[in-house]
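Here is the structure we will look at, set down as structure tokens.
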Amino acid sequence: MQRLLVFISIILYMSACSDYAKQNVAKMMQSDTLIYTQEADNVTINYTDSGALKARITAKKLLGFKRDGNDIVKMPKGIVANFYNDEGEIESFLTAEYGISYQTQKLTEVSRNVVVRNNKGEKLNTEKLIWDQKKQIIYTDKFVRITTKDEMLTGEGMESKQDFSNWHIIKPRGRIAIHKDSTDK
């Protein structure tokens, strides 16, 4: 009889715990839930403005989600992006090992080994970069290294036009002149 009472007590305790767990899961589902919507390999995404191509992003893997009605696109295996001018020519080029795009907010964040090059031969290296399509800018608050044909600049944070022109480092840290001798080609 005593064993039966212990067994019934354990069952009641476990059912109460599972109700509690179910309630917590339901609360989590109501707030910050990502709903899986799509998956694709070797994808190309074209961003246009008034019919003109502004950017072309390719990703080895694309995962789509929805959260509170917002579309979120993750690119977990890296991305390559070309940014175009009004004549349809490439102005800048970006690579990164990871990307996430918040479609409703028109924000794309790339991270891990981010490299941006522009048509002036300037190069940006950082670990995180955000592209704000509405403002048509790229920016970061992380460490940056910008290499031009004459110097290498370092600092914390950077902002520029989306084509990586008119850039400025928020908190400059260092500047190194690059001298090329006649044997460098």
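Kindly flag which residue pairs out of 120/142; 54/171; 60/180; 54/128; 54/74 have an alpha-carbon separation exceeding 26 Å in this structure. If you can, show how the numbers build up before the last one.
Values: 120/142 23 Å; 54/171 29 Å; 60/180 38 Å; 54/128 21 Å; 54/74 20 Å.
In this structure, 54/171; 60/180 lie more than 26 Å apart at Cα.
If you take the square roots of the eigenvalues of the alpha-carbon gyration tensor of region 29-88 and sort them as a ≥ b ≥ c, do you get rounded (a/c under 1.5), prolate (a/b over b/c) or oblate?
Details: a/c = 3.46, a/b = 1.79, b/c = 1.93.
Oblate is the answer for region 29-88, as a/c is 1.5 or above yet b/c matches or exceeds a/b.
Just add up the charged neighbours of residue 126: K/R +1, D/E -1, any other residue whose Cβ is under 15 Å from the Cβ of residue 126. Mind dumping the intermediate values first?
Details: positive: 112, 117, 123, 128, 142, 145, 171, 173; negative: 97, 109, 122, 127, 141, 156, 159.
Result for the local shell: +1.
Mind listing which GluC sites (Glu not before Pro) in region 48-106 are in a DSSP loop and have 12 or fewer other Cβ atoms within 10 Å? Don't jump to the answer; show the numbers that get you there.
Values: sites: 87, 89, 91, 97; in loops: 87, 89, 97.
Within region 48-106, the qualifying GluC sites (Glu not before Pro) (loop, at most 12 other Cβ atoms within 10 Å) are 87, 89.
Starting from 0.36 nm per residue, how many nanometres of slack lie between residue 48 and residue 80 once their C-alpha separation is accounted for?
Values: separation 32, 0.36 × 32 = 11.52 nm, distance 1.67 nm.
Working it through step by step, the gained length comes to 9.9 nm.
On the first, second and third principal axes, largest extent first, how far apart are the outermost C-alpha atoms of region 33-177 in Å?
49, 35, 25
Here, each number is a calculation from the coordinates, and none is a lab measurement. Note that the coordinates shown come from a computational prediction; the quantities given were computed from them, not determined experimentally. Neighbour counts run over all protein chains shown; Cβ positions are idealised from the backbone, glycine included.
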